[in-house]
Amino acid sequence: MTIANLRRACALMALLAAAWVSAPASAQEVEKGTLYGDMLTVSQDMLDRAAGDGNNFLHTNGNYAQTRYYPARQINISNVRELRPAWIFQTEVVESMETSPIVVDGIMYATTAFNHVYALDAKTGEQIWHYKHNMGPITTYCCGPNNRGVAVYGDMVYMGTLDAKLVALALKRNAAILTTDYNLNRVAQLQGVRVMNLNQLANALKPAFLPGEELRVKVIQEGKEPGQGVAFLDDGTMVVVEGGSEHIEGELDVTVTRILQTVAGRMIFAERSPGH
């Protein structure tokens with residue numbers, strides 16, 4: 001089988017859950033499973049004890065030791081041959097899949113190539129939601145467009161993306177998204193999801209300056225335009241000083257002339273203060 005055909009076969013198989021059909025499924029397994037935490041929030045204690053947790057599957061390989069061992073005993077060496085498919089879920093991605101789903105409180109989180117995440121009812125295979133990352137430009141990546149699945153902590157699902165972004169998805173639909181990504185910010189707002197943009201938060205915490213106020217800055221480099229010098233405040237705000245190119249590595253008293261505010265940050269334009 002060619003690699004292309006193998007990838008198509010993997011995609012068509014998608015996610016397949018098996019169940020022991022020779023006897024009715026028992027709720028006993030879950031009821032007797034060790035319960036850690038409240039099942040809605042993944043704590044560090046739950047992650048540490050994942051090897052003995054028969055209710056969830058919290059690590060890519062089951063636990064920190066990477067044993068891939070599941071402690072439940074309803075399926076064993078005497079009946080494993082009687083397993084039959086219980087449901088099949090078809091993703092929209094025709095590519096290879098190289099991840100183990102994570103299961104938290106009956107919800108399965110599975111990823112595909114190109115950074116799709118599916119939240120599924122682990123019992124029925126019904127899709128709860130589907131997230132498709134808005135991929136930025138990529139020139140190269142190693143070993144195909146795959147990933148190693150999601151990670152869970154608190155009430156969040158985390159996924160590292162091919163374009164080097166870390167995406168946090170709310171485990172429950174009423175959670176907020178924390179991001180510095182302008183595009184994700186806009187998409188979330190359009191979909192009615194609460195968003196906290198860290199750039200906006202940082203800007204809100206920066207001291208406010210008005211035209212006419214004076215600052216003392218250290219010019220560290222030339223600006224883009226002739227005669228300009230560039231300085232930075234302690235919070236990272238760029239200050240463009242007209243006539244500051246003659247004072248590289250020197251400190252100047254300057255007067256704010258205007259302020260440019262964008263979603264990416266703030267830029268202050270200034271000129272040398274009279275008499276300095």
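Using heavy atoms of the protein chains and a probe of 1.4 Å, the accessible area assigned to Val94 is about 100 Å².
By the rule of a C-alpha distance below 19 Å, with chain neighbours fewer than 8 residues away ignored, the aspartates and glutamates paired with Lys132 are Glu92, Glu95, Glu98, Asp121, Asp163, Asp181.
Under the shape rule built on the C-alpha gyration tensor, where the axes satisfy a ≥ b ≥ c, region 50-155 is prolate, since a/c reaches at least 1.5 and a/b is greater than b/c.
Largest accessible area first, the listed residues Ser273, Ser43, Ser78 line up as Ser78, Ser43, Ser273 when surface is computed with a 1.4 Å probe on the assembled protein chains.
The values are calculated or read from the model by the stated rules, or taken from the named source; none is laboratory data. This is a predicted model, so every value here is computed, not measured. Remember, those area values only see protein heavy atoms, side chains included, never the ligands or the DNA or RNA. Shrake-Rupley method; radii C 1.70, N 1.55, O 1.52, S 1.80 Å.
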